[in-house]
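Presented below is the structure to which this report refers.
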């Protein structure tokens, strides 16, 4: 909901605008997004001062933001209103803030307003507003924090897209978890999300896969194949593929030339690998909506989509015949010292123009990638998010340039890089796997430590930072293990509810009517302040495409709750269950239940379970 945009649609009528302000205020109070509520209220104050002639009436209040102060001791909310509007008002930021300050100080629920630095304004709020947040959580339950910010906009999130040449490794797992959590976050924020997997089933790597599977086929027929030759895939995961081929075809493939058996064996191996990959993804509770075949772009479809793309680019004079200069430093992929068809990538921000056809006339990988992203756009996805591994960072410029060209500037591509994962066991690096031949598979890790540990720890660090994943530490039951720490907070909330039932028989209606005004301890208010941040955090994390913010948030909320629990040990009057005070017990039970609800919501976005008991 863009408050300022709504208001600009109204005629310049004070009564009509005041009426809308009042209605929006009521809606936002019910939703209880404190930050959006005060963004609206501050915008209304700026507008009122414009009507009074203190400020120009044309100020763009949509630029105002409200967020938590960096230092909590400075207040509950901070606004940049003076910083972003003062220039248009023709005055210094601090002077603007001084004129705005009395209006803000008089707002309902504000106990004090102060100017900080060059013109930021910090607000302190009455405890009743934070009590209202608890009421909102209890009323909305699992939809608290859900946003309409996305307005149903279609978004394509393509992630994993591992070559179908074997089981997924831990690095693939990081991209898989990140992409899935990002898709969930965007859905929670109101976007229409499609999860997509791009199957790289064309090119040299799948030919190598086919030859590797054929070797295992010969082995299944009783031949001693010896050591796996250099350049083929050595993993044991291809043994079942060879056995299946032998069962289906007997020895008949031995009588065929490679040109005859390779397409058949290659497709059988790809199908088997994709089944393996789907099973590995299911172990992480990940399901894609679309599996898109690279091969389908030029083979087996109604038309050659890559050729159609190249024809279109030629008509727009975006392809020319030329020579590429020799690469400096690291070699440029697909570089050949010859006259060739080049895409004018530099026209769209790339460093060099890019080849589209190899010397044998076949398409480069880049040509297929442009056609693939064009297909996304033609399927209705103007917004595309690709999740790539660390080794693809150098590919970003050319792909964003290609998307601009292929969509005539109407498509938007955001590439998220997932950095490497170092797999450790109690501090020592782990490298080898019997199953894969040279790396630990994702499935081995999930089977050892569990889905929740893998998902949470993959998200408990920003995606573009290297991650150390310690198999020993992620299953420790200690406060030093973040996933345990957060799940334990949820289990503690459930434990409080069970304990309270023996003292008070509180219904859901009792919780909604709780005397929250009795919750005045600073630690209790601190928990409520944290709850109030959740709706804003969901929106900001979705806009930034950063699901790790949710992982950080639930850990902070868990920390606040554990601290509140521990205060009750030293101060009996702060315990959640007070046997001779039913009203206070119900009030604290309402707070605990709101914490449990938001923890469960955040964990759900991350794809992590919220247990009621820890075993």
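The values are calculated or read from the model by the stated rules, or taken from the named source; none is laboratory data. This one's a predicted model, so the numbers in the text were calculated from it and none came from an experiment. Ideal geometry is used to build each Cβ from the backbone, glycine not excepted, and the neighbour counts take in all protein chains shown.
For the range 189-205, give me each residue that is in a strand (DSSP E or B) and in contact (Cβ under 8 Å) with a residue 40 or more places away in the chain. Break it down stepwise before answering.
Within the range 189-205, the first condition is being in a strand (DSSP E or B), and the residues that meet it are 192-199.
Selection gives 192, 194, 195, 196, 197, 198, 199.
Residues checked against (1) crowded, with 20+ Cβ neighbours inside 10 Å; (2) under 24 Å from residue 156 (Cβ atoms):
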position: 293; (1), (2): no, yes
position: 300; (1), (2): no, yes
position: 305; (1), (2): no, yes
position: 313; (1), (2): yes, yes
position: 344; (1), (2): no, no
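Take the conditions within 18 Å of residue 142 (Cβ to Cβ) and in contact with a helix residue (DSSP H, G or I) (Cβ under 9 Å, 6 or more places away or on another chain) and apply them to residue 589. Does it pass?
Values: within 18 Å of residue 142 (Cβ to Cβ): no; in contact with a helix residue (DSSP H, G or I) (Cβ under 9 Å, 6 or more places away or on another chain): yes.
Against the criterion (within 18 Å of residue 142 (Cβ to Cβ) and in contact with a helix residue (DSSP H, G or I) (Cβ under 9 Å, 6 or more places away or on another chain)), residue 589 does not qualify.
When both residues are 6+ apart or on different chains and their Cβ atoms are under 6 Å apart, which pairs have a first residue that lies in the range 123-148 and is on the phi > 0 side of the Ramachandran plot and assigned by TED's automatic domain parsing to the domain that holds residue 107, and a second that is modelled with pLDDT of 95 or more and part of a loop (DSSP other than H, G, I, E, B)?
none
Being touching a strand residue (DSSP E or B) at 6+ places or on another chain (Cβ under 7 Å) and closer than 15 Å to residue 55 by Cβ is the filter here, so list the residues in the range 101-131 that pass it.
Within the range 101-131, 101, 104, 121 meet the criteria.
Looking at residue 310, is it under 37 Å from the mean Cα position of the chain (by Cα) and at pLDDT 95 or above?
Working: under 37 Å from the mean Cα position of the chain (by Cα): yes; at pLDDT 95 or above: yes.
Answer is yes for this residue.
Residue by residue, here is whether (1) surrounded by fewer than 21 Cβ atoms within 10 Å (Cβ to Cβ); (2) over 20 Å from residue 182 (Cα atoms) holds:
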{"position": "528", "(1), (2)": "no, yes"}
{"position": "545", "(1), (2)": "yes, no"}
{"position": "559", "(1), (2)": "yes, yes"}
{"position": "569", "(1), (2)": "yes, yes"}
{"position": "582", "(1), (2)": "yes, yes"}
{"position": "587", "(1), (2)": "no, yes"}
{"position": "598", "(1), (2)": "no, no"}
{"position": "601", "(1), (2)": "no, no"}
{"position": "604", "(1), (2)": "yes, no"}
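List the number of the failed condition for residue 377; all other conditions in (1) within 19 Å of residue 161 (Cα to Cα); (2) in contact (Cβ under 8 Å) with a residue 40 or more places away in the chain; (3) assigned to a helix (DSSP H, G or I) hold.
The failed condition is (2).
Going by the structure shown, is residue 209 within 30 Å of residue 246 (Cβ to Cβ), out of contact with any strand residue (DSSP E or B) (no Cβ under 7 Å at 6 or more places or on another chain) and outside any loop (DSSP other than H, G, I, E, B)?
In short, yes.
When you look at residue 517, is it without any contact (Cβ under 8 Å) to a residue 40 or more places away in the chain, assigned to a helix (DSSP H, G or I) and surrounded by fewer than 18 Cβ atoms within 10 Å (Cβ to Cβ), yes or no?
Against the criterion (without any contact (Cβ under 8 Å) to a residue 40 or more places away in the chain, assigned to a helix (DSSP H, G or I) and surrounded by fewer than 18 Cβ atoms within 10 Å (Cβ to Cβ)), residue 517 does not qualify.
Counting only residues that are without any contact (Cβ under 8 Å) to a residue 60 or more places away in the chain and surrounded by fewer than 14 Cβ atoms within 10 Å (Cβ to Cβ), how many does the range 253-291 have?
Summing the residues that are without any contact (Cβ under 8 Å) to a residue 60 or more places away in the chain and surrounded by fewer than 14 Cβ atoms within 10 Å (Cβ to Cβ) in the range 253-291 gives 10.
Looking at (1) under 18 Å from the mean Cα position of the chain (by Cα); (2) over 19 Å from residue 201 (Cβ atoms), which is the one condition that is false for residue 389?
(2)
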